[in-house]
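Novice: Below is one structure. I have some questions about it.
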Amino acid sequence: MNIHEYQAKALLKGFGAPVAEGVAIFSADEAEAAAKSLPGPLYVVKSQIHAGGRGKGKFKELGPDAKGGVRLAFSIDEAKAHAKEMLGNTLVTKQTGEAGKQVNRLYIEDGADIERELYLSLLVDRTVGQVAFVVSTEGGMDIEAVAEATPEKIITVAIDPDAGVTSADLAKLTAALKLEGEAAADGEKLFPILYKAFVEKDMALLEINPLIVMKNGRLRVLDAKVSFDNNALFRHDDIMELRDLTEEDEKEIEASKYDLAYVALDGNIGCMVNGAGLAMATMDIIKLYGQEPANFLDVGGGASKEKVTAAFKIITADPAVKGILVNIFGGIMKCDVIAEGVVAAVKEVGLKVPLVVRLEGTNVALGKKIINESGLDVIAADDLDDAAQKIVAAVKG
């Protein structure tokens, strides 16, 4: 689950991280009061959407010459004007795609005198099985571009979970970011704070880009992106309250109600699979034969008939779907349960596109019997390669 920048900063501030004063607003009428509550005279008006690249983004409605989704204001009147222009319009960035996202809230923040921009993130480094800091002196840029052009400028420091952030870790981070004086002292306080927040709140990603050294020599968190591990949200009611459903795909919201692992994609073949690895393989082979998957959908090992029915309905609700591939290798997940769910869903919502079903494993004979006796217009497949070729051929007509 993702949250907005202003929410992430409030969370980090609660742990003791240095952030600027700021106010979230939801209408242009609130801009004046928000700006007046800040020290000024420089204000930063920031679009709040779940996507990066806001500053370089463009508003669909405002034309190519308009300013982006992060703007400086040198007076309260200018902050008001920015708010009026930005709210309600659609911001397109590299991460939103051409559709963009409507800006429904802004964050007006006190400005800062920036000396240097740094990059810092925390994530789970699966190569070592530990939470790790990833830092670079090249802040304010896409970290992917830095990794491609100058990979030596990205430093990773893994943290021993038993020891926490040690003095040796602090020395590595301080040296990697070339911090001196008050900035180094601030870093030695900040790094353990960020690690504590990451662990205690079950974050999947904490990214600060940029972390700035101000002209007075102090550190400040200038931007913050936070994602949480969905599997741990049950123990964080305070985090769940920060969820903004308007930023999420409606199909993904519906899937979350049934604990389905679903991600909407841009293709035209809907996929229902059990197991993340098999789901990835199914998507890959669809691409191999010249089409694109419309979703990633793992129904899991313990899905019920109701859960499978919900999954099928979510797939069919996508107007981009021109064909559906059900690929089940039954282990814990029984083929008859999948078959019953598919039949129930089709009877409820109908079947307007080709459907290929490949079943193998536990109760496969019973599953095939349920499908065959259902009266559905289903294309049977013997294995994954056969299934992929058949659904691609059916979609192509």
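Laboratory data are not the source of any read-out in this text; all were calculated from the coordinates shown. Just so it is clear, the structure is predicted and the values come from calculations on it, not from any experiment. Note that we place each Cβ from the backbone using ideal geometry, even for glycine, and neighbour counts take in every protein chain shown.
Novice: When a footprinting reagent is the concern and you count Cβ atoms within 10 Å, what order do Met240, Met333 take, fewest first? Spell out each step's value before the answer.
Specialist: Working: Met240 12, Met333 21.
With the sparsest Cβ surroundings first, the list reads Met240, Met333.
Novice: Output the DSSP H helices from the chain with an along-axis C-alpha extent of no less than 24 Å and a mean Kyte-Doolittle hydropathy no less than 0.0.
Specialist: Details: long enough: 181-200 (29 Å, 0.18).
Both cut-offs are met by 181-200.
Novice: While we're looking at this one, here's another question. For region 250-396, what class follows from the C-alpha gyration tensor (a ≥ b ≥ c being the square roots of its eigenvalues): rounded when a/c is under 1.5, otherwise prolate if a/b is larger than b/c, else oblate?
Specialist: Rounded shape, in that the Cα axes give a/c under 1.5.
Novice: Starting from the 7 Å offset along Cα-to-Cβ, what nm value, one decimal, do you get for the label separation of Lys84 and Thr150?
Specialist: Result: 4.3 nm between the two label points.
Novice: Note down the Stokes-Einstein diffusion coefficient of the chain in µm²/s, whole number, using a Kirkwood radius over alpha carbon pairs, 20 °C, and 1.002 mPa s.
Specialist: Working: Rh = 23.6 Å.
For these conditions, the coefficient is 91 µm²/s.
Novice: OK, next. With both bridge residues required to lie in the chain, what share of the DSSP beta bridges run antiparallel, to the nearest 5%?
Specialist: Within the chain, antiparallel bridges account for around 75 percent of the total.
Novice: Hey, rough spin-label estimate for Lys36 and Ala393, points 7 angstrom out along Cα→Cβ, what's it come to in nanometres?
Specialist: So the two model labels end up 7.2 nm from each other.
Novice: Which number do you get for Rg(Cα) / (2.2 N^0.38 Å) in region 204-248?
Specialist: Details: Rg = 14.6 Å, N = 45, 2.2 N^0.38 = 9.3 Å.
In units of the 2.2 N^0.38 Å rule of thumb, it is 1.56.
Novice: While we're on this one: Between Thr246 and Lys67, what length comes free when the chain is fully extended (0.36 nm per residue of separation minus the Cα-Cα distance, one decimal in nm)? Could you put the intermediate results ahead of the total?
Specialist: On the way: separation 179, 0.36 × 179 = 64.44 nm, distance 2.38 nm.
Taking Thr246 through Lys67 to full extension adds about 62.1 nm, to one decimal.
Novice: Follow-up. In whole Å, what is the distance between the alpha-carbon centres of region 1-75 and region 248-309?
Specialist: Between the Cα centres of region 1-75 and region 248-309 lies a distance of 35 Å.
Novice: Please report, largest first and rounded to whole Å, the three semi-axes of the ellipsoid equivalent to region 21-110, where each semi-axis is the square root of five times an eigenvalue of the C-alpha gyration tensor. Could the numbers behind the result be given before it?
Specialist: Values: eigenvalues 95, 27, 25 Å².
The answer is 22, 12, 11 Å, longest axis first.
Novice: With a 10 Å cut-off between alpha carbons and a GNM built on the chain, which of Leu278, Leu190, Leu179 moves the most?
Specialist: Leu278
Novice: In nm, to one decimal, how far is the Leu233 label point from the Lys215 one, both placed 7 Å along Cα→Cβ?
Specialist: Each label point lies 7 Å from its Cα, and together they span 4.3 nm.
Novice: Which of the aspartates and glutamates could a cross-linker bridge to Lys305, judged by Cα under 14 Å and excluding same-chain residues fewer than eight apart?
Specialist: Asp259, Asp336, Glu340, Glu348
Novice: Which Rg and Dmax, in Å, describe the Cα atoms of region 149-281?
Specialist: Reported Rg and Dmax, both Å: 19.5, 57.
Novice: Calculated from DSSP H runs of 4 or more alone, at -39500 (n - 2.57) each and per residue, what is the 222 nm mean residue ellipticity of the chain, nearest 500?
Specialist: Numbers: 13 runs with 139 residues, N = 397.
Per the formula, -10500 deg cm²/dmol.
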